[in-house]
1. Which of the pairs Lys249/Lys319; Lys27/Lys403; Lys281/Lys403; Lys170/Lys376 have their Cα atoms more than 21 Å apart in this structure?
2. Considering every Cα-Cα pair within the stretch 316-410, what fraction, in whole percent, is farther apart than 17 Å?
3. Based on alpha-carbon centroids, what's the gap between the stretch 170-190 and the stretch 1-63 in Å, whole number please?
4. For the chain, what log10 I(q)/I(0) values come out of the Debye formula at q = 0.06, 0.07, 0.11, 0.12 1/Å, with one point per alpha carbon and no solvent?
5. Mind checking the angle between helix 407-417 and the chain's longest principal axis? C-alpha axes, 0 to 90 degrees, to the nearest 10.
6. Using the heavy atoms of the protein chains alone and a 1.4 angstrom probe, what is the accessible area of the chain per residue in square angstrom?
7. Roughly how far apart, in whole Å, are the Cα centres of the stretch 195-216 and the stretch 297-314?
8. Just tell me the longest site-free run in the chain, where the sites are GluC sites (Glu not before Pro) in a DSSP loop having at most 16 other beta-carbon atoms within 10 Å.
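The values are calculated or read from the model by the stated rules, or taken from the named source; none is laboratory data. The model shown is predicted, which means the values in this text are computed figures rather than measured ones. Here the Cβ positions follow ideal geometry from the backbone for every residue, glycine too, while neighbour counts run over all protein chains shown. With ligands, DNA and RNA removed, areas are computed over all heavy atoms of the protein, side chains included. Shrake-Rupley method; radii C 1.70, N 1.55, O 1.52, S 1.80 Å.
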Amino acid sequence: MIKPHIIILGCNFAGLTTARYIHAVVKGKADITIIDRKSLLTFVPNIPMQVLANVNPALDLHFNFMSFLEHDGSEFVQAEVTTIDPETSTFFYQPNERPGHPVRKIKYNYLVVALGNRLAFDKIDGFNENGHSVTDVFLGNRLRNYLHNEYKGGPIAITSDVFHQGKSDKLPKNMPVALTACEGPPVEMAFSMAHWLEKNDKGKTSTIFLSTPAKVIAEDAGETILNQLVPMMGKMGYNYQANTNGIKKVHKGGLEFNDGTTQEAEIAILFPDWEAHQFLKELPFTDDMGFVITDLHMRNPDYQNIFAVGDAASITVPKIGSLGHMEAEVLANTLGKELGIIEGDVKPMEFELLCMGDMGGIKGFYMRTNEWWGGKESHLEMGFTPYALKMGFKQMYYTLGGKVPHWGLAMSEILGDHTFI
């Protein structure tokens with residue numbers, strides 16, 4: 001009997017976790033192939049910590065996952081995905097380890113799109129010359145070199161551009177709409193940067209200007225947490241501005257916002273719009289912005305053999321890793337039921353924001369809430385335990401090769417919810 005072939009496009013956080021969860025469920029009853037343009041995973045959440053510590057993020061934030069996939073018996077191909085033909089269940093790819101390969105194709109029985117997103121820095125006027133960020137190793141090192149070698153103590157602006165969320169009448173009803181892709185990183189950057197400034201006698205909290213295009217920073221954290229967080233940051237001395245409507249231009253010395261206001265800045269740390277990959281925008285199973293439409297079992301309603309997880313999925317808002325982890329488990333179980341391995345109903349995706357961030361000084365913050373989706377859970381804690389949780393997650397992820405145990409997030413919730421400042 002020929003085994004079904006499961007293709008997973010993408011092998012960063014959502015893709016790797018999904019690949020390993022699927023293997024754990026289906027084991028030898030399906031062949032699994034993973035495609036990614038690179039053979040290393042970048043542990044992006046910890047780049048800001050390396051930047052402030054003056055350590056090249058490439059030294060320990062490039063994770064080699066190959067041995068874990070090999071152990072599972074999954075095949076990995078390093079290649080660029082060029083397009084997908086859902087009518088013939090075929091996808092096209094170009095091996096990119098060395099230039100010059102022809103485009104090839106593979107048939108699939110099930111396809112999982114976990115390709116993440118495209119960060120639209122090129123849509124921010126002046127970013128190339130005057131902007132900074134911490135979203136990859138290149139930008140992390142650029143900011144690191146400026147902070148530790150050139151910074152003169154001037155204002156530091158931290159802000160997000162507007163996120164253009166996809167729409168479709170085929171998506172689950174009553175999904176919330178976000179004006180930013182994810183503002184956990186800007187909040188974390190503001191906290192840890194203030195500690196770095198004071199520790200190095202470069203400035204203080206009032207040196208930092210934090211702003212958002214939305215009505216309030218980190219809107220997905222829910223009203224209960226924000227009623228604690230925003231006044232707290234004001235008392236700590238942060239300069240804060242909401243409703244900027246996004247970034248119009250970054251120039252040497254400052255920012256212009258779409259609401260007509262300006263902000264002086266020696267350093268502008270920016271988080272751009274998160275876009276779908278261009279080839280996805282042309283396909284019939286994506287929303288109007290190119291993100292893959294799924295139901296709450298991560299399955300496309302029109303093409304039943306196509307799934308999506310992580311940032312590439314339309315329902316993943318905010319674009320945060322903990323949602324991708326939850327989606328990976330739902331998807332793996334859904335495929336297990338499809339293949340006759342799991343009996344009974346599979347629990348659909350239930351949204352919950354889980355965020356752990358660095359505050360400097362071996363302290364961190366922890367947020368767990370489902371309030372934005374209409375739930376009643378809301379927890380905000382600050383102290384040593386959230387920092388330990390953040391660092392422990394990285395170690396667990398590396399040790400287990402992305403297959404964080406099912407109790408991993410639950411244990412984080414138990415510890416985080418009961419942290420005392």
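1. Beyond 21 Å: Lys249/Lys319; Lys281/Lys403; Lys170/Lys376.
2. Tail of P(r) above 17 Å: 60 percent of Cα pairs.
3. Value for the Cα centre distance between the two parts: 23 Å.
4. At q = 0.06, 0.07, 0.11, 0.12 Å⁻¹ the computed log10 ratios are -0.24, -0.33, -0.83, -0.99.
5. Its long axis makes an angle of about 20 degrees.
6. That works out to 43 Å² for each residue.
7. 39 Å
8. The longest uninterrupted stretch comes out as 151-342.
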